[in-house]
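One structure is given below, encoded as structure tokens.
The values are calculated or read from the model by the stated rules, or taken from the named source; none is laboratory data. As the structure is a prediction and not an experimental result, all values here were calculated from the model. As a convention, Cβ positions derive from the backbone with ideal geometry for all residues, glycine included, and neighbour counts pool all protein chains shown. Accessible surface is based on the protein model in full, side chains and every heavy atom, while ligands, DNA and RNA are left aside. Shrake-Rupley method; radii C 1.70, N 1.55, O 1.52, S 1.80 Å.
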Amino acid sequence: MAMRRFKAVMCSLIVAFVALCFLLLAIGSVDIPLKEVLSVVSGNMSSNEAWNFIILESRIPLIVTSALAGAALAVCGLLLQTLFANPLADPSILGISTGSSLGVAIVMLMAGGSFGVVAYGYFATLAGALIGALVVMAVLLAFSSAVKSSTVLLIIGVLISYLASSAISLLNFLATQESVHSYVVWGMGNFTNVTLRQLPVFSAVVVVGLVCSLLIIKPLNALLLGTRYAANLGVNLRLTRNFLLLVTGVLTAAVTAFCGPVSFIGLVTPHISRLILKTTDHLRLIPATMLAGSVMAMLCVLLSVLPSDTGLIPINAITPVIGVPVIIYIILNRRKIFYFN
Amino acid sequence: MKSVLEAHNLAIGYRKGSDKKYKVLGNLNLSLYEGELVSLLGANGTGKSTLLRTLAGLQPPLSGDIIVNGLPLSAYGNKRLSKLISIVSTERTNAGGLTVRELVGLGRQPHTGFTGRLGAHDKSVVAKAMDDVGIAYKAEHFVAELSDGERQKVMVAKALAQEAPIIILDEPTAFLDAANRVEVLRLLHVLARENGKSILLSSHDVAQSLALSDRLWLLMPAGTITEITPEDAVLSGKMSELFGSESVHFDMLSGEFLYKTNAECGVSVEGDDIMRHWCGNALRRNGFVIVAGSGCNIKISSPSALELTFGGEHIVFNSVEELTAHLVKLKKEGELWK
């Protein structure tokens, strides 16, 4: 029964995923006939060099980036929600994204470069984002041993986020107009920043992070019972928690560095997955959440490319439109939703 | 008898920082034997939960040793310990989205592989655990749909599925109604007797603990723990000292703690045991003390014929209610016990 539901959900998500792949290949600011698109994808270059370039250098990286980033953010949200036993935990609310942003801001604004400039390179941005994320993680971890309530910890995360934002404002104030502009554009969220050349690095980091999340399915399920029960079931709490925070830190940092601080996908997708799967068993929840995260991100990208004459709409202008109604629905119905209490 | 869990000169409590210690209890020497059910009784806030957590290896002791099956507790890793001790705690869980079967299945984690997938044997252990606590009919329900009492049973089933020889339970009957309380304790008693499990539980249900425990650990107000059988605890008067309260005393006959009343208002009651018990219940509640041979005597021949003899007068009442009302009136007017 439960297994049949899981299979049905996975099949539906795969169908949606494939459909979105085709739509994102076919739709864009330049009209390319679908037949030409398919022949380029299958290896037969079109006579139109521009079309080849658009498909290979822009559309395919966009699809891969959004699929991986969506999966990464959704899994981060799920892991943090389980660890903190709080349905509102996610990388952006806990301040991890903002920590990453601060790291990126330091690299981009202090160093005076803009994203992708060869002199500093995306490795510097990635390192900045990673250090920022891990510093926030470390602070949260330090507080979590002193603060028992996960709600209080969540509030501390929000406050850290404000602190990081204030530092970012200061950096913006001191930086040149040019770098402020590139930082603001980066901050709006964008899955088109990853070039074909950068794609292998981004993909490798994200895929490793996603695979790592699969390694802690068993302790995650034990953590649903709370830390004492989990410890009594043989879970090494410190190891599991540190591993989990490292995985979320790396995933959040990678996505934030390349795509900007993308909001709401991490918060909302785990809830959607639980609601459609009707379980909180991580063995089924993690794969479904990854796939649902990809579908969510690709859907947002599709919405961002649809009004083709104005160029791309920033991703962070779209995610709240999808995310906020879902969160309000969940908050209003929390007494009726099966996985609360 | 073989002891499975021992404490030697154990001090329990909390560490604040690297050297500050907040001691809850100290100098404890305890043993839990194979196949026995032990109830830990004591007042609120005396450290029962801290002691249980420490013995289960979930909280480091301040000093002293805990020995599990002949080896120090610290010598076991989390993994090995999870096969020896299972717990039921009062911790809030976040498992509403699992079915009862899935949650009980988590109890198999010490025995399953990397992904936690259950094999055929695991599944049958889970099914038996659910049967034993009587929650099998809700196996496919979400835990969120259950009442507090049903959840408690599910956690007990989880502990059973873990198949550890030692089970430590912190107030396992706290949320249960009277029937379920008896059922769960009876089940634990059977597990100790027939399956040789060693069961340690804390409880506020004194009457049930006296009835079903092989031994008691009495956590006295002075911070010491007395290991004693229930009967000796009652007869030696240890039970009366348990709560160190001026206003409550232990009634040896009923095995319950009762409110101390003004000893001057003594009433004697004659009749069969049941009628004496319940008439006494009403009188005690209203501030009288049941004594032997008082000048104020009640003779009960049936629930509707209660004869009060007092100061040469004989009045027959039709119910306990009428009798009690009359006595209360007399007491207020100062007619009795001048």
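Within the accessible area of the protein assembly as shown, what % is carbon and sulfur when the probe is 1.4 Å and the other protein chains stay in place? Before the final figure, lay out the partial values.
Values: 18500 of 30400 Å².
Carbon plus sulfur share of accessible area: 61 percent.
Take the alpha carbon gyration tensor of segment A:1-123, find the square roots of its eigenvalues, order them as a ≥ b ≥ c, and report rounded if a/c is under 1.5; if not, report prolate when a/b exceeds b/c, else oblate.
oblate
Chains B and A: buried accessible surface, both sides, probe 1.4 Å, rounded to 100 Å²? Don't skip to the answer; put the middle values down first.
Numbers: alone 17390 and 15860 Å², together 30400 Å².
Buried: approximately 2900 Å² between A and B.
Can you list the residues in segment B:91-117 whose accessible area drops by at least 30 Å² when all protein chains are present, compared with the chain alone? Use a 1.4 Å probe, heavy atoms only.
Residues losing area: B:Glu91, B:Thr93, B:Asn94, B:Gly97, B:Leu98, B:Glu102, B:Leu106, B:Gln109, B:Phe114, B:Thr115, B:Arg117.
Among B:98-111, A:12-25, how do they line up from the highest to the lowest mean number of other beta-carbon atoms within 10 Å?
Highest mean packing first, the order is B:98-111, A:12-25.
Through the Karplus equation 6.51 cos²θ - 1.76 cosθ + 1.60, θ set to phi - 60°, convert the phi angles of segment A:215-221 into ³J(HN,Hα) values in whole Hz; use x for Gly and Pro.
Listing the rounded values in order: 6, 10, 4, 5, x, 4, 5 Hz.
Show me, for segment B:284-290, the HN-Hα J-couplings you get by feeding each phi into the Karplus relation (A = 6.51, B = -1.76, C = 1.60, θ = phi - 60°), rounded to Hz, glycine and proline as x.
Computed from phi, the couplings for segment B:284-290 are 4, 4, 9, x, 9, 10, 8 Hz.
For B:Glu270 and A:Thr151, what is the calculated FRET efficiency with R₀ set at 41 Å and r taken between the beta-carbons, to the nearest 0.05?
0.10
Which residue fluctuates the most in chain A, going by a Gaussian network model with Cα springs under 10 Å, if the choices are A:Pro287, A:Pro270, A:Pro91?
Most flexible of the set in this elastic network: A:Pro287.
How about segment B:129-215: which GluC sites (Glu not before Pro) there are in a DSSP loop, with at most 15 other Cβ atoms within 10 Å of their Cβ?
B:Glu140
Determine the sum of side-chain charges near B:Ala192: Lys and Arg each +1, Asp and Glu each -1, restricted to other residues whose C-beta is under 14 angstrom from that of B:Ala192. Numbers along the way, then the final one.
On the way: positive: B:Lys2, B:Arg186, B:Arg193, B:Lys197, B:Arg215; negative: B:Glu34, B:Glu36, B:Asp132, B:Glu194, B:Asp214.
Here the count lands on 0.
With the cut-off at 1.5 for a/c, could you classify segment A:2-332 from its C-alpha gyration tensor as rounded, prolate or oblate?
oblate
What does the accessible area per residue of segment B:168-270 come to in Å², with a 1.4 Å probe and no ligands, DNA or RNA counted?
With all protein chains present, segment B:168-270 gives 46 Å² per residue.
Run the 1.4 Å probe and let me know the accessible area of A:Thr192, rounded to the nearest 10 Å².
My reading of the accessible area for A:Thr192 is about 60 Å².
Kirkwood hydrodynamic radius, the protein assembly as shown, all distinct C-alpha pairs: what's the number in Å?
Here the Kirkwood hydrodynamic radius works out to 29.4 Å.
Could you list which residues have their amide H under 5 Å from that of B:Glu270, counting only those 5 or more apart in sequence or on another chain, with H placed in the peptide plane?
When sequence neighbours closer than 5 places are left aside, the close amide H contacts are B:Ile298, B:Lys299, B:Ile300.
Have a look at A:Ala253, A:Ala297, A:Ala127 and tell me which one the Gaussian network model of chain A (Cα, springs below 10 Å) gives the largest fluctuation.
For chain A, modelled as a Gaussian network with Cα springs under 10 Å, the answer is A:Ala127.
Starting from 0.36 nm per residue, how many nanometres of slack lie between A:Ile327 and A:Leu239 once their C-alpha separation is accounted for?
28.5 nm
With the crude spin-label approximation of a point 7 Å out along Cα→Cβ, what separation in nm comes out for B:Glu241 versus B:Glu322?
The two pseudo-label positions are separated by 4.8 nm.
Rounded, prolate or oblate: which fits segment B:36-91, taking a ≥ b ≥ c as square roots of the Cα gyration tensor eigenvalues, rounded meaning a/c under 1.5, else prolate when a/b beats b/c?
prolate
Using a 1.4 angstrom probe, figure out how much accessible area segment A:170-283 has per residue, in square angstrom, rounded to the nearest whole.
Ligands and nucleic acids excluded, the figure is 37 Å² per residue.
Quick query: amide H of B:Val88 versus all other amide H atoms, modeled in the peptide plane; which residues come in under 5 Å with a sequence gap of 5 or more or a different chain?
B:Ile168, B:Leu169, B:Asp170
Work out the FRET efficiency for A:Leu56 and B:Ile228 from their Cβ-Cβ distance, taking R0 = 60 Å, and round it to the nearest 0.05.
Values: r = 82 Å, r/R0 = 1.37.
Efficiency at R0 = 60 Å is approximately 0.15.
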